[in-house]
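Colleague: Before we start, here is the structure in question, set down as structure tokens.
FYI, it's all coordinate maths here, none of it is from the lab. Treat the numbers as computed from the prediction; the structure is a model and nothing was measured. Reconstructed Cβ throughout: ideal geometry from the backbone, glycine too, with neighbour counts over all protein chains shown.
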Amino acid sequence: MTAIQVTETTISEAKELRDEFQRFLREYEFGMREVETKISILRDEFTHDHSYNPIEHVKSRLKSPDSIVEKVARRGIEDPDFDTIREQITDIAGVRVTCSFVADVYLLFDLLTQQDDITVRIVKDYIANPKPNGYKSLHAIIEVPVFLSTGPLSIPVEVQFRTIAMDFWASLEHKIYYKFSNQVPGHLVASLSDAAEAAAELDTRMERLHREAHGVARRQIEPPSPRIMKV
């Protein structure tokens, strides 16, 4: 085989791999859209049919190919193929739902995960069990069906639920750790921990104020059942 033939073969294989990777990512994009649609429907229903909307804003993201490759390397996954990546990496598609109050977090979690076509794989409740640095959020890996011309697929999507205060703290923490390349000075780590406690207190006080101002007892939502909790 000549050098030209080798080059053409290599280019052809590279293009085929690129196309397969793009198809792989599109499946997760479709799954992410399905979750976004479900949340959008809930938001519109609350806006038009109820006197209170628990959803402040929604963000979504799809991991880049480089980010996926880096995570595969960190996990030590040997000879990864797309099936292995599907099984081992569950946060390729992500949706973040920011709510006003902690009770809203659990309300939205319930309303989403109790839908018949949603399967809950993993729940990590960092609100009930915060991370050592003070991070709080409710994470869920759910599977949602996507119907393609080739048949149905069950796509995992990570959904994060958090309050405005939790989201603000997490955003600041991320910026600080990025600036210092994860080598954050001790005094800043301590300050972040204090800020996390202050954010939690703010959540509690604002929810109490909201209840008092409205003069009604809003629905009390219990955390997800411990049998599906994996922290």
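Colleague: Could you work out the helix-only [θ] at 222 nm for the chain, with each DSSP H run of four or more residues adding -39,500 (n - 2.57) and the total divided by the number of residues, to the nearest 500 deg cm²/dmol?
Modeller: -18000 deg cm²/dmol
Colleague: Also, quick follow-up: Could you give the dipole magnitude of the range 103-143 about its Cα centre, charging the beta-carbon of Lys and Arg +1 and that of Asp and Glu -1, in debye to the nearest 20?
Modeller: Charge dipole of the range 103-143: 360 debye, to the nearest 20.
Colleague: I need 96, 121 ordered by Cβ neighbour count within 10 Å, fewest first.
Modeller: The fewest-first ordering by Cβ neighbours comes to 121, 96.
Colleague: Pairs 59/175; 59/136; 15/59; 63/175; 124/179: which exceed 23 Å Cα-Cα?
Modeller: Pairs exceeding 23 Å: 15/59; 124/179.
Colleague: Using packing as a proxy for protection, rank 16-22, 150-156 so that the peptide with the highest average count of other Cβ atoms within 10 Å comes first.
Modeller: Details: 16-22: 11.1, 150-156: 13.4.
So the peptides 16-22, 150-156, ranked by packing, come out 150-156, 16-22.
Colleague: Using 7 Å Cα-to-Cβ label points, what is the residue 61/residue 168 separation (nm, one decimal)?
Modeller: Label-label distance for residue 61 and residue 168, simple model: 2.1 nm.
Colleague: Still on this model: As a footprinting exposure proxy, order 205, 61, 162 by other Cβ within 10 Å, with the fewest listed first.
Modeller: Ordered from fewest to most neighbouring Cβ atoms within 10 Å, 205, 61, 162 come out as 205, 61, 162.
Colleague: To continue, here is another question. Give me 24, 82, 101 sorted ascending by neighbouring Cβ count inside 10 Å, so fewest comes first.
Modeller: 82, 24, 101
Colleague: If you place +1 on the Cβ of every Lys and Arg and -1 on the Cβ of every Asp and Glu, how big does the dipole about the Cα centre of the chain come out, in debye to the nearest 20?
Modeller: 660
Colleague: I've got another one for you. Mind telling me which of 53, 182, 129 comes out most flexible in a GNM of the chain, alpha-carbon contacts under 10 Å?
Modeller: Largest GNM mean-square fluctuation: 182.
Colleague: If you count the DSSP beta bridges with both ends in the chain, what percent of them are antiparallel, to the nearest 5?
Modeller: Within the chain, antiparallel bridges account for around 75 percent of the total.
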